[in-house]
Amino acid sequence: MNHLELIKTAIELNASDIHIAPYAKPMLRINGTLKAVDSYETLSHEQVAEGVKELCNPEQYDRLEEKGEVHFSFSLSEYGRFRVNIIKQRGTYSISIRILKLTIPTREALEIPNIMYELTAQGRGLILVSGASGSGRSTTMASLVQHLNEAECLNIITVESPIEYLFKHGHSIVLQRDVGIDCDSIYEGIRSIMRHDPDVVMISDVSDEAALELALQISESGKLVIAGIPSINAVTTIESIIASAKPERRENRKLKLASNLTGIIAQQLVPTISSNKRILCYELLLNNTAIRSSILSEAFLEIRNTLIVGKKQGMTSMDFNLFERYSEKMINQETLYKFCQDLEFVKRLERSAQKLEGL
């Protein structure tokens with residue numbers, strides 16, 4: 001299997017991911033949909049195993065054999081940067097390659113709300129970026145870091161698993177720790193950087209309980225923490241953070257979160273009407289007195305209600321943002337219904353809009 005040729009094909013077709021498994025043709029994810037590469041034959045177990053050995057260095061291959069999985073990133077000067085995840089399955093291997101962009105997209109191209117960049121100017125607290133795999137979390141976090149790098153004079157340290165975007169020092173110093181190379185785990189990577197006097201810490205994933213607790217402690221100490229977390233919306237993000245705490249630490253967890261949370265952006269990438277690209281749809285929660293009170297009392301329904309009525313403060317729910325995209329004729333009704341989280345709420349918005357059009 002010639003993985004260089006496959007990577008070249010994927011780039012030409014503007015794919016985001018390459019998936020390789022035995023007894024199947026290579027698959028590319030293009031605009032969120034998997035498509036087989038018809039120019040390739042079905043791959044054998046031996047061909048996939050050969051591809052694994054081509055991609056891995058001896059240390060990575062040994063880790064794969066020992067742990068059953070390995071992830072790392074690499075660069076090719078002619079093609080760009082790539083994130084690789086390899087797992088063992090049914091005695092064989094499966095390879096997933098994410099195609100990374102060499103440059104961080106501009107704020108205008110990403111369409112991240114400006115208020116997210118304004119939140120970073122506070123210089124302290126916890127900003128969470130949530131979403132499923134492939135929702136653009138890493139790109140959003142990189143954009144926030146790059147904004148600080150260009151605008152402020154700071155010591156910024158990232159802990160990533162693995163590194164996706166490479167930063168150049170701007171007005172700030174940006175140090176990047178690659179899990180598996182520079183540290184053994186996200187937790188270890190975070191724990192040791194506090195002796196390095198950071199102003200800003202960016203963590204690619206805080207779904208691990210120990211890493212999450214450290215992130216909250218760092219934000220409590222007056223630093224700015226930008227962290228990714230796999231969760232579908234802002235409310236479930238808060239719920240999962242509280243639920244993950246041990247019973248005896250639950251009250252302390254709520255207090256830390258209520259006191260230090262600055263905002264949450266939950267996002268997903270959805271196909272446009274043309275299907276030639278995907279656009280960002282997001283939910284934005286900003287911490288205020290009502291949100292803090294609801295976190296402390298675990299009134300999650302109240303958080304949702306505050307989010308829906310908080311438009312004047314800059315908040316928006318995922319469903320309302322999706323409906324705005326639909327009203328702008330950027331997405332169709334099928335996409336609206338597929339990606340929304342409360343179908344009845346969306347249908348009520350539709351009926352209200354139709355009544356207004358009829359006046």
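We did not get these values from a lab; they are worked out from the coordinates using the rules stated. Predicted, not measured: the structure shown is a model, and the values here were computed from it. Cβ sites come from the backbone with ideal geometry, for glycine too, and all protein chains shown count toward neighbours.
Overview of results
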quantity	calculated
Three-way shape label, the stretch 51-180, alpha-carbon gyration tensor, a/c 1.5	prolate
Among I115, I303, N260 - extreme Cα towards positive end, dipole of the stretch 107-316, charges at beta-carbon	I303
Radius 10 Å from Cβ of I99, net charge of other residues (Lys, Arg +1; Asp, Glu -1)	+4
Peptides ranked, highest mean first, by Cβ atoms within 10 Å: ranges 324-332, 253-261	253-261, 324-332
Cross-link reach list, lysines versus K277, counting only Cα pairs under 18 Å and skipping chain neighbours closer than eight places	K35, K101, K329, K338
Neighbour net charge for N114 - beta-carbon separation under 14 angstrom, K R +1, D E -1	-2
Span-like helix ranges in the chain, DSSP H, alpha carbon extent 20 angstrom or more, Kyte mean at least -1.0	137-151, 343-358
Cα gyration tensor, the chain - rounded (a/c under 1.5), prolate or oblate	oblate
Mean Cβ count within 10 Å, highest first, over the residues of peptides 138-145, 58-65	138-145, 58-65
Helix-only mean residue ellipticity at 222 nm for the chain, each DSSP H run of n ≥ 4 adding -39500 (n - 2.57), per residue, nearest 500	-12500 deg cm²/dmol
